[in-house]
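Below is one structure, written out as structure tokens; the observations come after it.
Bear in mind that the values in this text are calculations on the coordinates, not laboratory data. Nothing here was measured: the structure is a model prediction, and the numbers come from that model. Glycine gets a Cβ as well: all are built from the backbone with ideal geometry, and neighbour counts include every protein chain shown.
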Amino acid sequence: MSEGYSFAYLDAATKRMIRRALLKALAVPGYQVPFASREMPMPYGWGTGGVQVTAACLIPEDVLKVIDQGADDTTNAVSIRRFFERTAGVATTTRTTEASVIQTRHRIPEAALTERQILVYQVPIPEPLRFLEPREAETRRMHALADYGLMHVKLYEDIARHGAIATSYAYPVLVEGRYVMDPSPIPKFDNPKLSGCPAIQLFGAGREARIHALPPYTRVVSLDFEDHPFVPSKADAACDLCGAEASYLDEVITDDAGGRMFCCSDTDFCAGRCAAGHAGRLSEGRA
Amino acid sequence: MIEIENLCKSFTLHTQGGAVLPVLAGASLRVGPGECVALTGASGAGKSTLMRMIWGNYRAQTGRLVVDGLDLVRATPREIIALRRERMGYVSQFLRVVPRVPTRRVVADPLLATGAPEDEAFARAEALLTRLNIPERLWSLSPTTFSGGEQQRVNIARGFAHPFPVLLLDEPTASLDPVNRAVVLELISEAKARGAAILGIFHDEAARATVADREIDVTGFTPARAA
Amino acid sequence: MRNGAQGRIWTKKKPEAEAGPLLQVEGLGKHWGARIGCAEVDFDLYPGEVLGIVGESGSGKSTLLGCLAGHLSADAGRIHYRGHDLRAMGEPERRHLARTEWAFVHQNPRDGLRMGVTAGANVGERLMAVGARHYGAIRAQARDWLGRVEIDPGRIDDRPRAFSGGMQQRLQIARNLVTGPRLVLMDEPTGGLDVSVQARLLDLLRELVREMGLSVIIVTHDLAVARLLADRLMVMKDGRVIEAGLTDQVLDDPQAAYTQLLVSSVLQV
């Protein structure tokens, strides 16, 4: 076995197995491909699926970025980035535009992605029908037959109970008019970015041992009703650090007196704007 | 309209060791359009059996039984259902109670079943109920709670709602007061006048004399009992 | 959801005056190993007709119904629905059929309802499954149907758990009839209900059958139910049809020994 092939932590056989699953997933967009998920040196729920997909994709020339909820500097992101620095020796970055592979947990970066990039999602539960239909055999049959009435039952229940579709993350989508897919727990604000994306999008679920994918420029539609159309929502505020009004915001409680601030969930995007001289409500003193 | 030749009927009682009970042998009769024929004979002689065979709930076995062109010995259930819906009516003194359905609807039912427009069917039902002296305040109620006499009159109204070419009457005037009895006899005469073939059982001799053109004693069809 | 499996041939809803039978069954059989589930069953069902299947437990009536519904796969014979061979039909077509033109009412409403979602969603599911995507319209239809099965439309957002057994059964019927099916299969629909609740349900079914021109196959061991609803009866024993005919003829003048026994064991039908 050539050294190049077993590059990046996984043994050659595993890598081949995962790459086959990835190719199949890309060939059938939105379809969940089973794969023989391996033990990773981290607990399930910490991105073992994403790590296996990333490891299967990496080549020595790659520049890797890892984000957790949009941030490059949280524990999960830092440890996965360090893991690949040590096991693959690839270059890493926090800049979205410089990265060739981006592993993400629960966000799509604000900066537009390009055809040279791969976005790898960490997925906890890949089956969008899971909480509606607990039998795996039945959900697979439903996918096979595109028997998706049940998915709208969930949205119907949302509206009946809350007056609007209350699902705000992991919002189900229809891929190329065929498979209903769970886009992983990204906020529904990010859903429009799934569609027509120039980058390859790969979804890895380690515990559930499933991979699904969206090839570049795939048509992805968020499910909705004609009279309750899908709305990609965000906090009605601007970033207090960079002043951005159109980016997805995190709400941060700053004291015990109800003080709070909003800041971009995408730290790279926010830092880039600050460096370019944009300022928000709380950033005057810092400049 | 009703043609019967050499019709026989026996019951095989499998639950009692396969005993065969002959009840009718060599029955023959004929009822033409506009004619009313009364069946007579002692109780148990086979009047009801013959009526039921014509209605189709007793199976005809040998012989010939033709109603308005349909051979009941060979007819499929579907053909008998169509015959009952379109061409053959049955009026008994007992209302098979349909809970919760309003009286007006019970009476209009046979017409609606033939696809008649609702307003027409209900108008006809109301006219009949009026003639049979069922007070209007009862029309929207289910007949379940009515007195026996009222139920009987509702049932007669129902039986005469659709102008069937063939009518079977099973003691239609039994236990009616003179006024309503006269109405029923009128209805029978009207049916005859429009050309219906009527076969009836009337215990009430005066009624029989009024409407029946002929009498047939079914005692002649009773099989000779093996001793 | 538009895809190849749907919208093929079964788009019309109301049965128009059709001359031919809706369902034709020939020589249908199903074995459980060496035992007969049902065998050599033949019948035709015409539009607007109600066929009762009676027999005691284990007589094969539920197996037969299961084969007709596609829940079980028959191992002999033919089932033709409006000219289409059901046994040769693919699963997607069969499912589409099952949620548009066919309906199945289970004995236990819990088997036919989604207990975890509201009454409105239960009724609306079949609509959404065939592509309804207007919340207001789905809800209006659900309300309308709750009213038709005599459930207060104000309870549209209650879950079936909060309903009595009779209401659950009526909800199951609404859920099945909302897409205006042609053929309804019922397995002991009045099974676990009190007599008074049963009567109400039977009346409702009768009315709907006529109003919608439904063809119905109803499996029951209750001869009174059969008498009230069915135009025709088939009596089954040991997996075979031993007698068939007009309902009142089978009940008033039963020919087969077993049917006589069955009828005479009932107090008054």
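What chymotrypsin sites (Phe, Trp or Tyr not before Pro) does the stretch A:107-209 have in DSSP loop regions with at most 13 other beta carbons within 10 Å? Working shown, then result.
Numbers: sites: A:Y121, A:F131, A:Y148, A:Y156, A:Y169, A:Y179, A:F189, A:F203; in loops: A:F131, A:Y148.
For chymotrypsin sites (Phe, Trp or Tyr not before Pro) across the stretch A:107-209 that sit outside H, G, I, E and B with at most 13 neighbouring Cβ atoms in 10 Å, the list reads A:F131.
How much FRET efficiency would the formula 1/(1 + (r/R0)^6) give for A:A137 and C:E56, where r is the Cβ-Cβ distance and R0 is 22 Å, rounded to 0.05?
The pair A:A137/C:E56 has a calculated efficiency of 0.10.
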query = Whole-Hz Karplus ³J(HN,Hα) for the stretch A:184-195, in order, using 6.51 cos²θ - 1.76 cosθ + 1.60 and θ = phi - 60°, x for Gly and Pro?
reply = 6, x, 7, x, 5, 3, 7, 3, x, 6, 5, 7
inquiry  = Taking the Cα centroid of the stretch A:82-135 and of the stretch B:186-227, what is the distance between the two, rounded to the nearest whole Å?
reply    = 92
Residue among C:A34, C:A69, C:A199 with the largest mean-square fluctuation in a Gaussian network model of chain C, springs linking Cα atoms under 10 Å = C:A34
request  = Sketch the reach of a paramagnetic label on C:H221 as a point 7 Å from Cα along Cα-to-Cβ, and name the residues of the stretch C:69-88 whose backbone nitrogen lies under 19 Å away.
outcome  = none
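For the stretch B:2-76, what is the charge dipole size about the Cα centre, in debye to the nearest 20, if Lys and Arg each add +1 at the Cβ and Asp and Glu each add -1 at the Cβ? Can you show the working numbers first?
Values: 7 positive and 5 negative charges, 47 e Å.
Dipole magnitude for the stretch B:2-76 comes out near 220 debye.
Using the 10 angstrom Cβ neighbour count as an exposure proxy, how do B:K47, A:K24 rank, fewest first?
On the way: B:K47 24, A:K24 16.
Listing B:K47, A:K24 from fewest to most nearby Cβ atoms yields A:K24, B:K47.
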key: Distance in nm between pseudo-label sites at A:R130 and C:A162 (7 Å out along the Cβ direction from Cα)   = 3.0
ask   = Where in the stretch C:210-269 are there trypsin sites (Lys or Arg not before Pro) that are in a DSSP coil and have at most 16 other Cβ atoms within 10 angstrom of their Cβ?
value = none
request  = Quote the Stokes-Einstein diffusion coefficient, in whole µm² s⁻¹, for chain C, based on the Kirkwood radius over alpha carbon pairs, a temperature of 20 °C and a viscosity of 1.002 mPa s.
outcome  = 112
ask   = Counting other C-beta atoms within 10 Å, which of A:E138, B:E86, A:E115 has the fewest, and how do the rest follow?
value = A:E115, A:E138, B:E86
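Under a Cβ-Cβ cut-off of 10 Å, what is the net charge of the residues other than C:F163 that fall near it, where Lys and Arg count +1 and Asp and Glu count -1? Let's see the in-between values first.
Working: positive: C:R155, C:R159, C:R161, C:R170; negative: C:D158.
Cβ neighbours under 10 Å give a net charge of +3.
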query = Just going by the charge dipole of the stretch B:66-211, with Lys and Arg at +1 and Asp and Glu at -1 on Cβ, which of B:A82, B:L176, B:P165 is farthest out on the positive end?
reply = B:A82
query = Beyond 14 Å, what share of the Cα-Cα pairs of the stretch A:234-278 remains, rounded to the nearest whole percent?
reply = 44
query = Using a Gaussian network for chain A with springs between C-alpha atoms less than 10 Å apart, which of these wobbles most: A:L202, A:L214, A:L58?
reply = A:L58
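Using the number of other C-beta atoms within 10 angstrom as an exposure proxy, rank A:C242, C:C38 with the fewest first. Please list the in-between numbers first.
Numbers: A:C242 23, C:C38 29.
The most exposed by this proxy come first: A:C242, C:C38.
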message = Output wanted: per-residue J couplings in Hz (rounded whole) for the stretch B:123-138, from phi through Karplus 6.51 cos²θ - 1.76 cosθ + 1.60, θ = phi - 60°, x for Gly and Pro.
response = 4, 5, 4, 5, 4, 5, 4, 5, 4, 8, 6, 8, x, 4, 5, 8
query = Assuming R0 = 41 Å, what is the FRET efficiency of A:L282 and C:A137, from their Cβ-Cβ distance, to the nearest 0.05?
reply = 0.30
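When the helix-only estimate is applied to the protein assembly as shown (DSSP H runs of n ≥ 4, each -39,500 (n - 2.57), divided by the residue count), what is the mean residue ellipticity at 222 nm, nearest 500 deg cm²/dmol?
Values: 24 runs with 256 residues, N = 783.
Computed mean residue ellipticity for the protein assembly as shown: -10000 deg cm²/dmol.
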inquiry  = Pick from B:L167, B:L111, B:L13 the residue whose mean-square fluctuation is largest in a GNM of chain B, springs joining Cα atoms under 10 Å.
reply    = B:L13
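Report the GluC sites (Glu not before Pro) located in the stretch A:219-275 that are in a DSSP loop and have at most 12 other Cβ atoms inside 10 Å of their Cβ, or state none. Don't jump to the answer; show the numbers that get you there.
Numbers: sites: A:E226, A:E245, A:E251; in loops: A:E226, A:E245.
Loop-located and lightly packed - A:E226, A:E245.
Anything over 27 Å Cα to Cα? Flag those among A:K65/A:K188; A:K154/A:K193; A:K15/A:K188; A:K65/A:K154; A:K15/A:K193; A:K65/A:K234, in the order listed. Present the calculation step by step, with values, prior to reporting the outcome.
Working: A:K65/A:K188 22 Å; A:K154/A:K193 23 Å; A:K15/A:K188 32 Å; A:K65/A:K154 35 Å; A:K15/A:K193 29 Å; A:K65/A:K234 24 Å.
In this structure, A:K15/A:K188; A:K65/A:K154; A:K15/A:K193 exceed 27 Å between Cα atoms.
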Convex hull volume per residue for the stretch C:93-246, taking Cα atoms only, in Å³ = 119
task = Provide the net charge surrounding C:H106, with neighbours chosen by a C-beta distance below 9 Å and charges set as Lys +1, Arg +1, Asp -1, Glu -1.
result = -2
task = Report, largest value first, the span of the C-alpha coordinates of the stretch C:185-227 along each principal axis, in whole Å.
result = 27, 18, 16
ask   = log₁₀ I(q)/I(0) of chain B at q = 0.17 Å⁻¹, via Debye over equal Cα point scatterers, no solvent, to two decimals?
value = -1.24
inquiry  = Of A:M42, A:L26, A:Y121, which is farthest towards the positive pole of chain A's charge dipole, taken about the Cα centre with +1 and -1 on the beta-carbons of Lys, Arg and Asp, Glu respectively?
reply    = A:L26
request  = Beyond 36 Å, what share of the Cα-Cα pairs of chain A is found? Please give it as a whole percent.
outcome  = 18
inquiry  = For the stretch C:48-125 and the stretch C:210-258, what is the centre-to-centre distance using only Cα atoms, to the nearest Å?
reply    = 18
note = Expressed as a whole-number percentage, the relative contact order of the stretch A:234-278 with C-alpha contacts under 8 angstrom and at least six residues apart is 37
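Based on a Kirkwood Rh over C-alpha pairs, give the Stokes-Einstein translational diffusion coefficient of the stretch C:114-180 at 25 °C and viscosity 0.890 mPa s in µm²/s. The partial results should precede the final answer.
Details: Rh = 11.4 Å.
It diffuses with D of about 215 µm²/s by this estimate.
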inquiry  = Please compute, over every Cα-Cα pair in the stretch A:193-287, the percentage with a separation greater than 17 angstrom.
reply    = 67
